[in-house]
1. Among the residues of the range B:311-331, are any outside any helix (DSSP H, G or I), modelled with pLDDT of 95 or more and within 14 Å of chain A (Cβ to nearest Cβ)?
2. Given the conditions (1) over 27 Å from A:E147 (Cα atoms); (2) part of a helix (DSSP H, G or I); (3) aliphatic (A, V, I, L, M), which single one is not true for B:I9?
3. How many of the residues making up the range B:321-335 are within 19 Å of the chain's Cα centre (by Cα) and not polar (S, T, N, Q)?
4. Which residues, counting only those in the range A:96-139, are among the polar types (S, T, N, Q) and either crowded, with 19+ Cβ neighbours inside 10 Å or under 29 Å from B:N139 (Cβ atoms) (or both)?
5. For the range B:96-114, indicate whether the set of residues that are assigned by TED's automatic domain parsing to the domain that holds B:L235, over 28 Å from B:I9 (Cβ atoms) and without any contact (Cβ under 8 Å) to a residue 60 or more places away in the chain is non-empty.
6. Filter the range A:66-86 down to residues that are within 20 Å of A:S142 (Cα to Cα) and among the aliphatic types (A, V, I, L, M) and give me whichever is farthest from the other protein chains (Cβ to nearest Cβ).
7. Which residues, taken from the range B:188-214, are outside any helix (DSSP H, G or I) and more than 14 Å from chain A (Cβ to nearest Cβ)?
Amino acid sequence: MIKNLNGRIAWIFDEPNFDIDLVVGVTNMKIQDIEKLKDLCMINYDLDFKNQVREGDIIIGGENFGYGHPHYPSCRALRALGIKGIIAESFSPGFYRGESTNGFPLIECKGVVETADCWDRFIYDWDTEELNFIDKGIILKSERVPEKTKELIVHGDIITYLQKRRLTP
Amino acid sequence: MGQTIAEKIFSENYNRKVEVGEEKLFSPDIITAYDYPGYIDKYEKQMEELNIHTVKNPEKFLLFIDHFYPAGTSKEQEIHQITRRFSKKYGFKLYEGAGIGHQVISEKGYIKPGQFVVHFDGHISTIGALGAIGMGIRNSMIEAFATEQVSLVVPSTVRINLEGKLLKGVTSRDVFHSIIKQIGPSGCRSSVIEYGGPGLKSLEMDERFTLCNLAMFLGGLSAVMETDEVTHEYLKTHNVKDYVDMYPDKDAEYLHEYTIKLDEVEPVIVIPPTPANTVPISEVLGLSIDHGYIGSCASGRIKDFQQALEILEGRHVAENFRLNAVPTTTQIQLQMSELGLTQKLIKAGAMVQVSSCDFCIGQMGALSDGERSVSTGTLNVTGRMGSSKAEIYTASPYTIAATAINGKITDPRTML
């Protein structure tokens, strides 16, 4: 059982093929310090993002979100600021594999860019796989979420998942 | 309903017919990786954390030291030491100094048609040229190391039919980037790209490796090609026996099908800062360039250097232009010497380097602020080859050679 996502839409990247490295900046990929990454997060888009975002918020993405050679620091920074997932029209497969393995909720949902506005409140129900825009009265059905992706979210990371589900006799 | 090549490979791997969309555990025939901080050192720690001290089938694992090679600092040597230690502990075969693993794996005869291979790096799709599927699974590699299986949703297939023959001065590099231009960078998203058709038969194995290597930039999970006489010859030369040919059923179902007429492809350039930006070479003609690079797992094979030399031989690179020629593997480096290519490249002013991944990632031959490079490296994103204030234009070996001679972007067809 996965707890529903429930929060606000903190940002919308509506362009296709968005390179996730841009969230903290492509020149900052070697930075490991999470406080530095939090400071860099989204500064090229909104200098106040760090202060406005709160626990439970999500990001919306366009088609083929995560295209390119995705690295991990950007999503680490987003998670550290409280972002609980990304809902996009579609994901680039390399990005999807990498971040879903980190237990980060990634949901593909057609029509989300057109429907969403910044700071909309929403609930995503993992059982019905429906995205509910509470204030707009609009419900979008997402693509099916693979079982392994759901298990990784439940367990939080690949190591715990392997320990509990694959390596236990 | 018939099956695509990918569906056949995953069905064979699972020991029963599987359908697109089914989520199953598959058993890779080969699990491979290279030395890179945050990867090999992490796997070593994760295996300890999982309390796994032996693996069931160590012969399935292959590791390569091809980054930071040769090591320039003691810290770089440390990652090599970790890779050696990790290999030794679990009994994995390790290749060091043999060149870029994505190519060495085929050269050493490990790859057979029909295999399923995983790596953390998606450029393992290179092996698709031999009718196998190589898939980059990123940080879920620990799943493969720990369980020798990976969870996967059986992917759909996008078919690309090749027709006709390439014209003079045009390469498979131009073909790949033209496909992106035609169908978009997500045109094969989350699918396996299946190349086939009469035009494929006109492409040499080196050109096929290039086409498969870059699959990720079309959104592909991997790429695979029909096998034919060219495949047979390569496999025979590399002592691979006992394999079956790979081809789709006539009634296979594809997510999309596209036809590419090779004789209509023209030289193109990918402009910074993303591999999605393909433009005809005519749009950037005359742009001054400081640096050139022919190499990488995508393009540093005999055919690439032969193409470059069709322009470079008898000429000399422009003053102040730096041209690095980096063979993909040590075996290719040897062949280049035997064929006299090394000598010709040096006479033309190129710097022929030891095989290594480092030129593609700016670890060696780096760019400084304001410089522009033309490159056969895999990627042109900001900061990939050094300074974040440098620009990378990816192109074919012909275009790089012509540009190196003139110091500005030049249509290679004017010099052939």
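The values are calculated or read from the model by the stated rules, or taken from the named source; none is laboratory data. What you see is a predicted model; the values in this text were computed from it and never measured. Methodologically, a virtual Cβ is constructed for each residue, glycine included, from the backbone with ideal geometry; neighbour enumeration extends over all protein chains shown.
1. Looking for residues that are outside any helix (DSSP H, G or I), modelled with pLDDT of 95 or more and within 14 Å of chain A (Cβ to nearest Cβ), one finds none in the range B:311-331, hence no.
2. (1)
3. Here is the first cut: in the range B:321-335, the ones within 19 Å of the chain's Cα centre (by Cα) are B:324-333.
This time we only want the ones that are not polar (S, T, N, Q), so: B:325-327, B:332.
Count: 4.
4. A:S100, A:T101, A:N102 - these are the residues of the range A:96-139 that are among the polar types (S, T, N, Q) and either crowded, with 19+ Cβ neighbours inside 10 Å or under 29 Å from B:N139 (Cβ atoms) (or both).
5. Scanning the range B:96-114 turns up at least one residue that is assigned by TED's automatic domain parsing to the domain that holds B:L235, over 28 Å from B:I9 (Cβ atoms) and without any contact (Cβ under 8 Å) to a residue 60 or more places away in the chain.
6. From the range A:66-86, those within 20 Å of A:S142 (Cα to Cα) are A:66, A:83-86; that's our starting set.
Going one step further and asking which of them are among the aliphatic types (A, V, I, L, M), we end up with A:83, A:86.
Details: A:I83: 19, A:I86: 16 Å.
Step by step, filter the range A:66-86, then rank; the result is A:I83.
7. Hits for the range B:188-214 are B:E194, B:Y195, B:G196, B:G197, B:L203, B:E204.
Table: residues versus (1) under 21 Å from the mean Cα position of the chain (by Cα); (2) over 30 Å from B:V158 (Cβ atoms).
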{"position": "B:E264", "(1), (2)": "no, no"}
{"position": "B:R301", "(1), (2)": "yes, no"}
{"position": "B:E313", "(1), (2)": "no, yes"}
{"position": "B:E319", "(1), (2)": "no, yes"}
